[in-house]
Structure formats: C-alpha cells, structure tokens
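Read the structure below first, then the notes.
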Protein chains: 2
Amino acid sequence: MRKSIRKYATRPVDDALLNDLLEQAERTQTMGNLQLYSVVVTRSEEKKRALAPAHFNQPMVTQAPVVLTFCADYHRTTEWALRRQGHPGYDNLLSYQNAATDALLFCQRFCDLAEAAGLGLCFLGTTVYNPLSIIETLELPELVMPVATITLGWPDENPKPSERLPLSAIRHDETYQPITEETIQRDYAAKEALPENQEFVRINGTQTLAQIFTDIRYKATDCRAMSETLREALKRQKFL
Amino acid sequence: MRKSIRKYATRPVDDALLNDLLEQAERTQTMGNLQLYSVVVTRSEEKKRALAPAHFNQPMVTQAPVVLTFCADYHRTTEWALRRQGHPGYDNLLSYQNAATDALLFCQRFCDLAEAAGLGLCFLGTTVYNPLSIIETLELPELVMPVATITLGWPDENPKPSERLPLSAIRHDETYQPITEETIQRDYAAKEALPENQEFVRINGTQTLAQIFTDIRYKATDCRAMSETLREALKRQKFL
C-alpha cells in the first residue's frame, strides 16, 4: 500500500532506471498525443538548495538524491509548430488547463511506476505556492509552468499509511448528492476519532480536526494571497 | 502497453469491481489528506445522452457502460469544516488548482488500476471545453468543477498504441534546455515520418502535422473562446 516517503537511503537512483521509468510513463494518455509536459531533473546540490525555499525548506528537497519538477509545457509544441508553418495560439487559460492536466497525469503515472520499482517518493504540493522562484531556478521559458514536484530515492523509512475517507464520501451516482449533517457524520466520524488525528488536534491547539486545515494550514487569507502569486506566475509564463 | 479504448463489449462493469478500483485509487497522494475530489458515476442512458453533447457527441459516451466524471471538489471539505467551527476560504484560483491536481492524480491512478484489471477506457479532454453543461447535468454545487471524464468498459477492440516522442523531448537536466531547430528535428522527425501521420496530414489537407493541431484541432480562436467558457464556469463554481 502506497505511502509518502520522506527519508531516503544514500544509495543513488541510477539514471538508466530513471530514464526507463520516464519512458514507460510517456505511455500515459495525453491530449492529441501532443505530450504537453516536460520534467526537469535536479540532481545537483546547488539546484536543490535553490529549490528548497519554494518548498518551505522541507528537508526532503535537499536530502533526496533526485528532485523532479513536472511542468505544463506548451512551449516545445509551439516552437515545433512555428517551424512547421503552424499558427499556435496557446497563451490562454484553457491551454494551461490542458497542459497542466497532461503533466499531472504523466506525473501520477511516473509515481506509480517508480513505486512499483521499489523507489519511494513524496509529492510536494508547494510547487504552485511559489512558482516564480521555481521558474527562475529552472530557467523555465514562457508557456512552461511547474505544476508538481516529487522528491525521489530509495526508502529509508516505512511509515504507516495515512487513513482515507470511505468511498461514500467521494462517489456520487448519476448526480452529485447533497452533503448533509448525516453524510458528514457518516464520512468523517471515523477519521476524526483516530487517535493520531486526536493527537494532531491536541498539538495544534484547535477544537476540531477541520480547524487545523481551515484556520492554520490552508487559511483563507493565505490561499487568497497565494492565488495572486499563482496568477502572477501564469501571467509571466503567458498563460493569462 | 496502454492504449485508448473507444469500443466496448456489452458485458457490464460490475459495481463491486468499480468500488474496489475506486477504493484502491483513494490511496493516491492527496493534499493534506483532504481528498479534494469526487467522482460522479453515470450508468443511466438518460444521463449519458445528456452528457454527450459536452463531449462533441463522441460515440463512446453513450456506448460505454460507465462514464466517470472526475471533479475538483472543495465543497465537501468546506461543508465539513463549516460544521466543525472552521473558517474555510477556498473560493479562489489556488484552491481550484489544488483540488484539480488532487482529482487528476486520483483519476490517473484509477485508470491504471482499471487497465490492470483488464478494463478499457478513453480519457475525454473535452470535459473542460464545455464544463457548464456538465455542471448542470450532474448537478454539481459550487466549489465542484469537472476536470476529467473517462468512458469505461470491457474492450471490444485492440488498437495499435500511438507513438510517443523520444525522452529527449521531455527530459531536461538541471535547467530547461533551449528548444532549437536541432532539438525539434531530433525529437519530431520520426513522428512526422510515420506513415499513419503522413496519411493524417493528407486527410486533413494540411502541409504539416503540426498544422493539424494549430490550424484545425486546437486553433487559437477556439482556445481563446473556450478559455472564456472555462473562466465563466470557474466563476459560476466560485473558484474565480
């Protein structure tokens, strides 16, 4: 059962293995078979240190042998089309959505393949919080936008998998079923009752588990401020 | 090797199998373990017919035994938080990006599991082209946005896998490497030389393969118009 790995052995990740996994991942479905993505491989200490602040200096970024930044990429396709008498026009939100989708599907497929090969990884959602600094560090041109980062290596820990909501929380039949007091209770009671989540509440000094997310980790004011940063980055990369 | 399946046998997709695959897919990495996604399962003929126009009436939508619409979903989490004295504020672009990421990772993981179980599927990128009609048909509340659709069933065809670009096209080391005349030639020449792609060019009456995409299938004017529709849908769902 998969789980995020944040501690890695010193054993290096062989480049031939990495290439093999990336090539296999290329089989993932992609819009019009255009492969609107690219991946930047970071192995150098210098670049890892440069990336770390964008990821709130989480130690995995400098400790992992490899950091992969998955990018929505309409630049390469645009450059191809320009050299082939085409008239590309992908400087818009829909094109960003399409390329980000391609990149995320490719990323998830890569993660599955890497885990099946015994590697461990951690997905960093922080990528879209501070995209400007990542864009600079990796020298991403216009129409290339980082959307996901993973740290990769051979596992040096074996954490307990985190819990998940029951299927009733996420599955709807024919139409979206209303969320009610009853469905919330049905779907969240077990999660809230877990000893580790009760401890999590105690450590954070909140009254409820939900408050840790809404009042501390993903606060409205922070989300709005980071939305502006994201918008700025999308403008800079010419997707807005 | 995976490939899109557009023709399905009449054999139904057992609901217990579907649940099992969805539950396994729930192990996918997710932001803060919040699972910011939901999936709407369409089996009824009526709803399939209602969804079809949004997908340009591609025949798979009505022919497949099951259609799955994967949604970025901050509604359920918001409703949970409101009942737990939280202060959710996810009516913004960053929150959409986070939830869409969660939904797409979950979707890709589900696809892999379904294919491993022998099922066939086709990913419909059209979901984000006409989101308003999908939102209405599936009765999606605010903070729920459809981001991906797959048609699912037992395969009744065995198509040839489509080609992919060489790894050199998508892999960059340390920094994004410039796209030049030479890299375009290196990465696209084989694709352009394939007999099926030359035939594709002939049928479409273009001079180059790239022109099929930039001048016919994903034209600048269409992308811009659909960007406006996407923006409208995101506004209606309160993510903008």
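Read-outs throughout are calculated quantities, based only on the coordinates presented, and are distinct from any laboratory measurement. On a predicted model such as this, the values are computed, not experimentally measured, just so you know. Reconstructed Cβ throughout: ideal geometry from the backbone, glycine too, with neighbour counts over all protein chains shown.
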## Note on the structure
Log entry, pairs with first residue in region A:29-41 being at the interface with chain B (Cβ under 7 Å from one of its Cβ atoms), second being part of a loop (DSSP other than H, G, I, E, B) and aromatic (F, W, Y), beta carbons closer than 7 Å, six or more apart or on different chains, reads A:G32/B:Y218; A:V40/B:Y176
### Query
Is it the case that region B:165-183 has a residue that's in contact (Cβ under 8 Å) with a residue 24 or more places away in the chain and polar (S, T, N, Q)?
no
#### Entry: Of all residues making up region B:50-61, the number that are buried (at least 17 other Cβ atoms within 10 Å of the Cβ) and without any contact (Cβ under 8 Å) to a residue 12 or more places away in the chain
1
#### Entry: Residues satisfying the stated conditions in region A:70-85, i.e. within 7 Å of chain B (Cβ to nearest Cβ) and within 20 Å of A:E139 (Cβ to Cβ)
A:H75, A:R76, A:E79, A:W80
### Tally, over region A:124-142, of residues that are over 21 Å from A:N19 (Cβ atoms) and either touching a Cys at 6+ places or on another chain (Cβ under 7 Å) or at the interface with another protein chain (Cβ under 7 Å from one of its Cβ atoms) (or both)
5
### Residue that is nearest to the chain's Cα centre (by Cα), among those in region B:114-137 that are within 27 Å of A:N92 (Cα to Cα) and part of a loop (DSSP other than H, G, I, E, B)
B:Y129
### Task
Inspect all residues belonging to region B:99-112 and state whether any of them is among the aromatic types (F, W, Y) and crowded, with 22+ Cβ neighbours inside 10 Å.
yes
## Note on the structure
Within region B:172-182, residues within 16 Å of A:Y37 (Cβ to Cβ) and of a type in the set (S, T, N, Q) come out as B:Q177
### Summary
When region B:149-167 is checked residue by residue, the ones that are within 10 Å of chain A (Cβ to nearest Cβ) and either of a type in the set (D, E, K, R) or within 27 Å of A:W80 (Cα to Cα) (or both) are B:P161, B:S162, B:E163, B:R164, B:L165, B:P166, B:L167
### Message
Checking B:K47 against (1) facing another protein chain (nearest Cβ under 8 Å); (2) loosely packed, with under 13 Cβ neighbours inside 10 Å: exactly one of these is not met. Which one?
### Response
(2)
#### Entry: Unique residue being in contact with a strand residue (DSSP E or B) (Cβ under 9 Å, 6 or more places away or on another chain), closer than 27 Å to B:L124 by Cβ and not charged (D, E, K, R) when the list is A:Q108, A:Q63
A:Q108
### Query
Which of the residues belonging to region B:176-203 are surrounded by 15 or more Cβ atoms within 10 Å (Cβ to Cβ) and over 17 Å from A:T78 (Cα atoms)?
B:N197, B:V201
### Query
Which one of A:E192, A:E182 is more than 30 Å from B:R43 (Cβ to Cβ), acidic (D, E) and either part of a helix (DSSP H, G or I) or facing another protein chain (nearest Cβ under 7 Å) (or both)?
A:E192
